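Participant: So that we are looking at the same thing, I have put the structure below in structure tokens.
The values are calculated or read from the model by the stated rules, or taken from the named source; none is laboratory data. Nothing here was measured: the structure is a model prediction, and the numbers come from that model. Note: ideal-geometry Cβ built from the backbone for every residue, glycine included; neighbour counts use all protein chains shown. For accessibility, only protein heavy atoms count, side chains too; no ligands or nucleic acids. Shrake-Rupley method; radii C 1.70, N 1.55, O 1.52, S 1.80 Å.
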Amino acid sequence: MNPHLPSIILRSMLITSIFSLFLIACGSGSGGDDKKFSPNMQIVEKWKHLKMIDIHNHDACCDKAYQRYKQLFDTYYIDKIVLFGDISEPSAINTDEVAWNAYKDNPARIIPFFSGFEMYQPQGLDRVVANIKKGYFGVGETVAASTNSPVASVVAWKAQHPMDGNLPQIYKICADYDVPILLHIDPLSGFSIEKLEEALKAFPTTKFILGHVNAYNSPANLVHLPATYSNLYLDFLPGFTRYNPDSAYSLKDWIPLIKQYPDRFMLSTDSGYGVGHEEALFAMYELIDLINDEAIAKKIARENFLNLIKAKL
Ligand SMILES: [Zn+2]
């Protein structure tokens, strides 16, 4: 027997587990779509009256994925989808256009955001203003910091931290035009969160949405943000907590925090990143059913987001 075998195995296990830590929700493509998934649709029927909104969806990418998933979104009674595609890289300019055209085809269902703009050149600001004037409902998903995500950490137009590059001026533009900005930040701790807090303080009338706040994060680590900043909204991704084996917490673990800040949370699928579209959709209903409170359910499933963009609806 190779005497080095145990250490080789150990090392490869370590590398595997470190790598799995790096798989952070976010990015184009869905991955993990599981044909064997058999959800209890009674839960969906029970809560279908909520007319849910998926506030973070990348399906403008990948050859108009939103068209392929239309039937699935109908099955899950998703009323509206905040749609964009690639993020913080040149190809996002094209997928932003796809999202816009999807909105033109179906304005009742599609809410287009955009993410394709230069982070360091002045024309990035011109592009942001032009897109908002065109009618996009928000900015994002924008990579304001990324170290661990294999997708977001390598995009050409990512910022190094939430006060980097054009971001401060974009926050000001968002406040002036009253549109929200959806930020990807990983990790959700340390320097990147310190700089996010700097932004939240410096731009108190900008509506910030922090993407997938429950991915690789704990309720205890998150709580000080909504407690301190009234201009911060929280994009919660039930599919990660429920179906991604990397989640260290259960949906139940998050419910006290959601109940504490029912006006701040919103739900999304992130296009089922890492778990599959259907799992991500069903998990939204599982969370709602666990919360089992009609008033809170209405807020997080729909009203909170509509309030953010009400001027445009
Ligand atoms: Zn995303």
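Participant: Quick one: Gly274 ticks every box in (1) modelled with pLDDT of 95 or more; (2) buried (at least 22 other Cβ atoms within 10 Å of the Cβ) bar one, so which box is it?
Facilitator: (1)
Participant: Considering segment 61-88 alone, what residues qualify as being over 29 Å from Arg127 (Cα atoms) and aliphatic (A, V, I, L, M)?
Facilitator: Across segment 61-88, the qualifying residues are Leu72, Ile78.
Participant: While we're on this one: Considering only residues that are more than 13 Å from the ligand (Cβ to nearest atom) and of a type in the set (D, E, K, R), look in segment 262-292 and name the one that is farthest from the chain's Cα centre (by Cα).
Facilitator: Applying the filter and picking the extreme gives Asp289.
Participant: Consider Asp63 carefully, then state whether it is surrounded by 15 or more Cβ atoms within 10 Å (Cβ to Cβ) and closer than 26 Å to Ser149 by Cβ.
Facilitator: No, not satisfied.
Participant: Residue check, Phe113 against (1) within 19 Å of Thr206 (Cα to Cα); (2) free of Cβ contacts under 8 Å to residues at least 60 places away in the same chain, all met but one. Which one?
Facilitator: Phe113 satisfies every listed condition except (2).
Participant: Could you go through segment 129-147 and let me know if any residue there is within 16 Å of the ligand (Cβ to nearest atom), of a type outside the set (Val, Ile, Thr), open to solvent by 30 Å² or more (accessible area, probe 1.4 Å) and touching a residue at least 60 places away in the same chain (Cβ under 8 Å).
Facilitator: No, the conditions are met nowhere in segment 129-147.
Participant: Let me ask something else. If Ile185 meets every condition in (1) out of contact with any Ser or Thr (no Cβ under 6 Å at 6 or more places or on another chain); (2) modelled with pLDDT of 95 or more apart from one, which number is that one?
Facilitator: (1)
Participant: Does segment 87-103 contain at least one residue that is buried (at least 16 other Cβ atoms within 10 Å of the Cβ), in a loop (DSSP other than H, G, I, E, B) and touching a helix residue (DSSP H, G or I) at 6+ places or on another chain (Cβ under 8 Å)?
Facilitator: Checked segment 87-103: at least one residue is buried (at least 16 other Cβ atoms within 10 Å of the Cβ), in a loop (DSSP other than H, G, I, E, B) and touching a helix residue (DSSP H, G or I) at 6+ places or on another chain (Cβ under 8 Å).
Participant: Of the residues Asp186, Asp253, Asp235, which single one is without any contact (Cβ under 8 Å) to a residue 60 or more places away in the chain and either more than 20 Å from Gln123 (Cα to Cα) or aliphatic (A, V, I, L, M) (or both)?
Facilitator: Checking each option against the conditions leaves just Asp253.
Participant: Mind counting the residues in segment 193-226 that are within 15 Å of the ligand (Cβ to nearest atom) and open to solvent by 10 Å² or more (accessible area, probe 1.4 Å)?
Facilitator: Looking only at that region, the number is 2.
Participant: Additional query: How many residues are aromatic (Phe, Trp, Tyr), outside any helix (DSSP H, G or I) and within 16 Å of the ligand (Cβ to nearest atom) if we restrict to segment 36-86?
Facilitator: Number satisfying all stated conditions: 2.
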